[in-house]
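Here is the structure we will look at.
Readers should treat all values here as calculations from the given coordinates under stated rules, not as data from a laboratory. Keep in mind it's a predicted model, so treat the numbers as computed, not measured. FYI the Cβ positions are ideal-geometry reconstructions off the backbone, even for glycines, and counts take in every protein chain you see.
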Amino acid sequence: MSDYSKSVLMGQKIAFLGLGAMGSRMAARLLEAGYDLSVFNRTPDRAAPLVGRGASFEDSPRAAAAGCDIVISMVRDDEASREIWLDPGRGALAGLRDEAIAIESSTLTPAWVEQLSLAMAERQLRFIDAPVVGTRPQAEAGQLIYLVGGEVAVLERVRAVLLTIGGAIHHAGPIGAGTVMKLAVNALFGIQVAALGEALGMTRRSGISDADAIEALSSMPVTSPALKGVGALVAARKFDPMFPIELVDKDMGYYVKTAERLGSNTPTGSAVRAVYRQAIEAGFGGDNIAGVAKVFD
Ligand SMILES: NC(=O)c1ccc[n+]([C@@H]2O[C@H](COP(=O)([O-])OP(=O)(O)OC[C@H]3O[C@@H](n4cnc5c(N)ncnc54)[C@H](OP(=O)(O)O)[C@@H]3O)[C@@H](O)[C@H]2O)c1
């Protein structure tokens, strides 16, 4: 990056709240691009690598958000998001300046995102939901795909920042629409991976090795690119976490709950969620999504 573009970015101050597997990688991209970054994480130790590279750590979301132009949250679930933004003493909302733009990037329920947007609207703050598709390698490479809900004018104000972290942005509709789309994407992915595990349970018992079955399936049009990637991991028995089963279960639960709220049926999603719960009960909750195949071993 040239000194000139760095000096332009230097004018914008960003807070990043939540430095887990995804948040730490997304925040690192902002630092690399030259943004002035303040960070918060509930467990402060996880911030150390970013602080070592120039981020300033603050001991509450409120302190991290203070004086920032853009505040991004990337935490586990609805409860964590509530704590990060709305905690009466420490929450980021209380620290936001009137001109700031708030971005919620975690995978949450649209019901919660709508509640959060009302809290933002009470203070006339600009807000978008901007969950991401992709996992740790895509976060590291700046290749996440954003699904955004909210006003286009607000999205345009933060587009350059989002494109530091992601490679594409889809505007899905009003507040909450990005989150609805994200749950649809994860449901499709979760359903496919569970179905792959189930089908391999049958092929294996017939005497076909997983490697042979996956090689054949990978050349079939029914196998999506994402499923091919997971198939290779199952064939290699590589289950180290990228998108852990505990988070898949959370997202399948949010999908079913959201569909119910909208009056839509999810017989497939509900049945598949039970498979991920079974994986958690069997002790595979920390494994990557591919580990659900072990339920059918
Ligand atoms: N992993 C993926 O492939 C992937 C891909 C796309 C989207 N997502 C979504 O992105 C979000 C983050 O995922 P991740 O993989 O980074 O998860 P993670 O590694 O488990 O990190 C979770 C983050 O949330 C924080 N947190 C949890 N409960 C909290 C609370 N009550 N108050 C404040 N902070 C809290 C954690 O803080 P501590 O460090 O203190 O625990 C940590 O910073 C989730 O919504 C997930 O569904 C994940």
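Counting Lys and Arg as +1 and Asp and Glu as -1 over every other residue whose Cβ lies under 10 Å from the Cβ of A290, the net charge comes to +1.
Restricting the range 82-120 to GluC sites (Glu not before Pro) that sit in a DSSP loop and have at most 16 other Cβ atoms within 10 Å of their own Cβ leaves E99. Between the Cα long axis of helix 177-205 and the first principal axis of the chain there is an angle of about 20°, rounded to the nearest 10. Could you pull out every one of the lysines with an alpha carbon less than 25 Å from that of K238, ignoring same-chain neighbours closer than 8 positions? The reachable lysines, counting only those whose Cα sits under 25 Å from K238, are K228, K250, K294. Relative to the longest principal axis of the chain, what angle (0 to 90°, nearest 10) does the C-alpha long axis of helix 110-122 take? Around 0 degrees separate the two axes.
Assuming a ≥ b ≥ c are the square roots of the Cα gyration tensor eigenvalues, decide whether the chain counts as rounded (a/c under 1.5), prolate (otherwise, with a/b larger than b/c) or oblate. Before the final figure, lay out each step's value.
On the way: a/c = 2.10, a/b = 1.71, b/c = 1.23.
Prolate.
For trypsin sites (Lys or Arg not before Pro), no site in the range 87-179 is both called loop by DSSP and has at most 10 other Cβ atoms within 10 Å.
Where does helix 245-262 land angle-wise versus the long Cα axis of the chain, in degrees 0 to 90, nearest 10? For 245-262 against the chain, the angle is about 80 degrees.
If Lys and Arg each add +1 and Asp and Glu each add -1, what is the summed charge of the other residues whose beta carbon sits under 15 Å from the beta carbon of F127?
-4
Mean sequence separation of contacting Cα pairs (under 8 Å, at least six apart), scaled by the length of the range 181-296, corresponds to a relative contact order of 40 percent. Taking each residue as 0.36 nm, the span from K257 to L118 lengthens on full extension beyond its C-alpha to C-alpha distance by 48.0 nm. Pull out a ≥ b ≥ c, the square roots of the eigenvalues of the alpha-carbon gyration tensor of the range 3-174, then state rounded if a/c is under 1.5, prolate if not and a/b is larger than b/c, and oblate in the remaining case. In terms of gyration-tensor shape, rounded. Label-to-label distance, A232 versus M202, with points set 7 angstrom from Cα along the beta-carbon direction: 2.6 nm.
Computed packing ranks the peptides 64-71, 128-135 as 128-135, 64-71, most packed first, by mean other Cβ atoms within 10 Å.
What is the range 218-297 by shape, rounded, prolate or oblate, if you read a ≥ b ≥ c off the alpha carbon gyration tensor as root eigenvalues and call it rounded for a/c under 1.5, prolate for a/b larger than b/c, and oblate otherwise? The shape class here is oblate. With the simple model of a label 7 Å out from the Cα in the direction of the Cβ, N265 to S224 spans 2.2 nm. Using C-alpha pairs under 8 Å with a sequence gap of at least 6, the mean separation divided by the residue count of the range 3-174 gives a relative contact order of 18 percent.
Computed 3J(HN,Hα) for the range 285-292, one whole-Hz value per residue from the Karplus formula 6.51 cos²θ - 1.76 cosθ + 1.60 where θ = phi - 60°, is x, x, 6, 4, 3, 4, x, 5, glycine and proline marked x. Its relative contact order, with pairs defined as Cα atoms under 8 Å and 6+ residues apart, puts the chain at 13 percent.
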